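Undergrad: Quick one: structure below, then a few questions.
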Amino acid sequence: MNRHHIVGLWEFEGDLYSEKLGLSVPLRTNFKRHHRHIKTGLDLRASIRAGAFAWPGRYDIGFITDDGGLLCHGCVKAELYNITHSIRNECSDGWRVIGSDVIHEHDNCSHCNKSLGLEEEE
Ligand SMILES: [Zn+2]
């Protein structure tokens, strides 16, 4: 009997595991997790993978820059190169993301002006 073997990958508490290695050894740590404090490009990418919304609820996740700006998930994805460069070189050019948080109060993205916060029920 010929069977296709597909290596299973799954994510648990922010780390990535494979069927091959088992649960004792993560394939990649810091894979998918919202970081309140973002210190590296890896923290940033894990936070992007974790999605644009907090769970439970429908609150947006916003990214906070060192100059007090707020960036939406879409802008952070689009400007990943600039942001990663600014984090790595500790530039204060407006792109240096230092953290992410749930946006409870209505606010706008500093870059594209998108409205952030809880979406109104229709
Ligand atoms: Zn934006």
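The values are calculated or read from the model by the stated rules, or taken from the named source; none is laboratory data. In this text the structure is predicted, and so the values were computed from the model without any measurement. Quick reminder, even Gly has a Cβ in these numbers, built from the backbone with ideal geometry, and neighbours come from all protein chains shown.
Undergrad: Checking Leu42 against (1) in contact with a Phe, Trp or Tyr (Cβ under 8 Å, 6 or more places away or on another chain); (2) farther than 21 Å from His111 by Cα; (3) among the aliphatic types (A, V, I, L, M), which single condition isn't satisfied?
TA: (1)
Undergrad: Cβ-Cβ below 6 Å, separation at least six or inter-chain, first residue in the range 32-48 and under 14 Å from Ile64 (Cα atoms), second assigned to a loop (DSSP other than H, G, I, E, B): which pairs?
TA: His34/Ala50; Asp43/His35; Leu44/Ile38; Ser47/His34; Ser47/His35
Undergrad: To continue, here is another question. Looking at (1) within 16 Å of the ligand (Cβ to nearest atom); (2) not assigned by TED's automatic domain parsing to the domain that holds Ile98, find the lone condition where Ala52 falls short.
TA: Ala52 satisfies all of (1) within 16 Å of the ligand (Cβ to nearest atom); (2) not assigned by TED's automatic domain parsing to the domain that holds Ile98 except (2).
Undergrad: Scanning the range 66-79 for residues that are surrounded by fewer than 16 Cβ atoms within 10 Å (Cβ to Cβ) and touching a residue at least 12 places away in the same chain (Cβ under 8 Å), which turns out nearest to the ligand (Cβ to nearest atom)?
TA: The extreme case among them is Gly74.
Here's the yes/no breakdown for (1) in contact with a Pro (Cβ under 9 Å, 6 or more places away or on another chain); (2) closer than 30 Å to Leu9 by Cβ; (3) without any contact (Cβ under 8 Å) to a residue 12 or more places away in the chain:
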site	(1), (2), (3)
Ala52	no, yes, no
Pro56	no, yes, yes
Ile64	no, no, no
His85	no, yes, yes
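Undergrad: Does Phe63 satisfy the condition of being touching a strand residue (DSSP E or B) at 6+ places or on another chain (Cβ under 6 Å) and part of a strand (DSSP E or B)? Explain how you work it out, then say what you get.
TA: On the way: touching a strand residue (DSSP E or B) at 6+ places or on another chain (Cβ under 6 Å): yes; part of a strand (DSSP E or B): yes.
So Phe63 passes the test.
Undergrad: Also, I was wondering about something else. Determine, yes or no, whether Phe63 is of a type outside the set (Lys, Arg) and farther than 28 Å from Gly117 by Cβ.
TA: Considered against the rule, which asks whether it is of a type outside the set (Lys, Arg) and farther than 28 Å from Gly117 by Cβ, Phe63 comes out as no.
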